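Enquirer: I am attaching a structure below and will ask some questions about it afterwards.
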Amino acid sequence: MSRFLSKLAPVIHKRSVRSFSSSTTGPYLSLSLSAKPSSEGVLNIGEVVLYDPAKQELLNLTDKAIPEEIVTAKWIGASKGWSFFSDTQDRCVLITDSLNPWACKSNPKLLTLPPLNPLFSCQTDVIWNVAMSSCPDDDEDWVVGIKSLGDQVSFCRPRRDLRWTKFQTPFDHFPTSNLTYSKRDRKFYLPGPGGHHLLSYNLDFDKADQPEFHELQFRNFPESFKYDSELSEMFPSSCRTERFVESPSGDERFLVKWYAKGCLAYSSKITYETQRFMVFREEETTEGRFMCYTDDIGDLCIFVSKSEAFCVLASSYPGLKPNSIYFVGFGLGTYDLTTRDVSTFRAPKGALNQIVSPYWFPPASS
């Protein structure tokens with residue numbers, strides 16, 4: 001984490017820390033969470049520090065009530081402005097809106113789901129990412145999806161049934177795939193390595209059902225990328241991951257390929273830095289579904305991290321760069337799809353106390 005936080009926005013204004021007062025926030029990055037025990041022993045009073053990439057400022061949420069349960073819990077993911085934790089004692093899954101700027105400061109919401117148990121030959125000790133069909137308050141049929149590192153995908157419909165429905169991904173091909181939800185299709189999607197396949201899970205999931213398998217075909221693959229992409233995949237010090245993401249309107253969907261190169265650090269360990277992105281726009285034709293390369297997504301920005309990927313309109317949040325990808329994972333910064341330039345972020349000195357796993361959060365409003 002320290003290597004991410006040594007890089008946070010090219011320019012940080014002198015007034016880099018502000019208190020929350022607006023009725024709407026743009027996308028933001030979780031940075032730190034600190035809490036002091038309260039006299040009642042039920043809630044802790046703490047401070048949450050977020051980063052606003054549009055204003056290039058820190059957002060301080062002070063005097064926040066932090067549920068006692070998450071202070072010692074392990075943070076495992078984020079989706080739609082809610083944070084997911086795993087209780088270190090009983091391994092229950094905890095969901096809270098504590099890091100949402102518009103959550104109640106004195107009474108944050110905390111929801112508890114049963115422990116996540118593994119299928120035979122699978123593991124659930126390491127959670128890769130999480131996704132939700134909607135926010136818990138918005139939908140009686142709210143569904144939570146969790147992708148474990150390896151072959152297991154688990155779903156729960158908390159308002160109807162607290163049991164987990166568990167699937168094992170086929171062919172052992174999806175160990176580090178990232179689960180995402182399509183509001184348009186009302187399905188969860190899981191891209192395979194290389195993005196050549198998608199698995200989809202309906203909201204009416206059933207143990208007996210198998211996920212639908214989609215084979216993707218690519219068009220307009222740029223010649224300038226072919227050799228570099230094939231070459232980078234041959235080296236063990238390079239890696240690639242994929243994200244499937246939907247535009248805010250649901251009219252467009254994209255497959256994002258994220259390439260990183262390995263660098264030898266002073267500790268003799270390999271660290272990874274973002275090298276480039278490739279974006280493919282989904283096109284439905286009479287011949288089938290095609291993923292067509294594009295370096296122009298218009299006014300959109302795509303945000304990728306270990307949380308569920310999402311898009312926003314740059315014009316809605318002045319300061320965001322259109323036709324760009326904001327990333328955290330293999331470094332921290334932005335990628336301009338037009339120029340193919342990577343820009344890293346720098347952290348303001350003394351801004352952070354306790355570092356938590358970094359996730360992009362979508363815009364929030366009252």
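Enquirer: With a cut-off of 8 Å between alpha carbons and a minimum separation of six or more residues, what is the relative contact order of region 28-361 in percent?
Expert: Normalised by residue count, the contact order of region 28-361 is 13 percent.
Enquirer: With every protein chain in place, what's the accessible area of Thr176 (1.4 Å probe, Å², nearest 10)?
Expert: 60 Å²
Enquirer: Along its principal axes, what span do the Cα atoms of region 28-361 show, with the longest given first and each in whole Å?
Expert: Projected onto its principal axes, the Cα set of region 28-361 covers 64, 52, 43 Å.
Enquirer: With +1 on each Lys and Arg Cβ and -1 on each Asp and Glu Cβ, and nothing else charged, work out how big the dipole of region 28-361 is about its Cα centre, in Debye to the nearest 20.
Expert: 760 debye
Enquirer: How would you rank 282-288, 87-93, highest first, on the average number of other Cβ atoms within 10 Å across their residues?
Expert: Final packing ranking: 87-93, 282-288.
Enquirer: Determine, for each peptide in 272-279, 146-153, the mean count of other beta carbons within 10 angstrom over its residues, then list the peptides with the highest first.
Expert: Ranking the peptides 272-279, 146-153 by packing returns 146-153, 272-279.
Enquirer: Return the carbon/sulfur percentage of the accessible area of region 28-361, one whole number, probe 1.4 Å, all protein chains in place.
Expert: 49 percent
Enquirer: Quickly rank 115-122, 250-257 as a protection proxy: mean count of other C-beta atoms within 10 Å, highest first.
Expert: The packing order, highest mean first, is 250-257, 115-122.
Enquirer: Can you figure out the FRET efficiency of Arg91 with Leu119, using R₀ = 22 Å and their beta-carbon distance, to the nearest 0.05?
Expert: 0.90
The values are calculated or read from the model by the stated rules, or taken from the named source; none is laboratory data. Bear in mind that the values here come from a model prediction, so they are computed numbers and not experimental data. Note: ideal-geometry Cβ built from the backbone for every residue, glycine included; neighbour counts use all protein chains shown. For the accessible areas, the whole protein counts, side chains as well, though only heavy atoms, and no ligand, DNA or RNA atoms are used. Shrake-Rupley method; radii C 1.70, N 1.55, O 1.52, S 1.80 Å.
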